[in-house]
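To start, the structure under review is shown below, and the notes come after it.
Laboratory data are not the source of any read-out in this text; all were calculated from the coordinates shown. No experiment lies behind these values; they were computed from the predicted model shown. Here Cβ is always computed from backbone atoms with ideal geometry, including for glycine, and neighbour counts include all displayed protein chains.
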Amino acid sequence: MARSTGSWLSGPPTDPGDPATPEFPGQYLGLPQSGPGSLPGMGRRIAALFVDWMIAVGISLLIVRDGSASSLTLLIWFVIGVGAVTLFGYTPGQYFLKLRVIRIDAPVAVGFVRALARQALLVFVVPALFTDADGRGMHDRATGTAVARAR
């Protein structure tokens with residue numbers, strides 16, 4: 001007789017009708033299903049990150065002309081991310097893809113400390129790869145933020 005036990009990696013079983021499974025990303029956060037304020041897919045967030053990285057590469061190549069500016073690129077990307085999210089609520093890449101960073105606990109600006117913590121976690125890449133049922137990365141869960149559609 002075969003035995004199906006799973007492992008600690010499989011996690012708890014979920015049914016489509018299970019109340020623990022949201023009908024759409026952001027439902028339990030009180031966000032709309034579509035339109036401004038709803039949670040976008042992973043593709044748009046990755047595209048925004050790529051645009052931000054290319055901006056940082058361009059700026060670093062203007063500063064260091066020999067082409068070996070990887071550490072400087074990371075530093076510029078970090079500063080752009082913290083500064084732009086603190087001041088405007090979005091990075092340049094998020095702006096072009098109509099996204100913004102919001103706080104999920106209050107309708108106020110993200111602020112410097114949350115933007116700094118969020119960007120510091122993004123440097124390690126891994127927290128962004130692990131998402132919850134709402135599609136938020138672990139860096140967003142840790143800082144109480146989410147990337148939402150701006151318009």
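At a threshold of 8 angstrom on Cα-Cα distance, excluding pairs fewer than six apart, so keeping six or more, what relative contact order does the range 42-151 reach in percent?
25
Just subtract the alpha-carbon distance of K98 and D132 from 0.36 nm times their residue separation and send over the number in nm, one decimal.
Contour length minus the Cα-Cα distance gives 10.0 nm.
Could you compute the FRET efficiency for F88 and S68, with r as their C-beta to C-beta distance and R0 at 22 Å, rounded to 0.05?
Taking R0 as 22 Å, the efficiency between F88 and S68 is 0.10.
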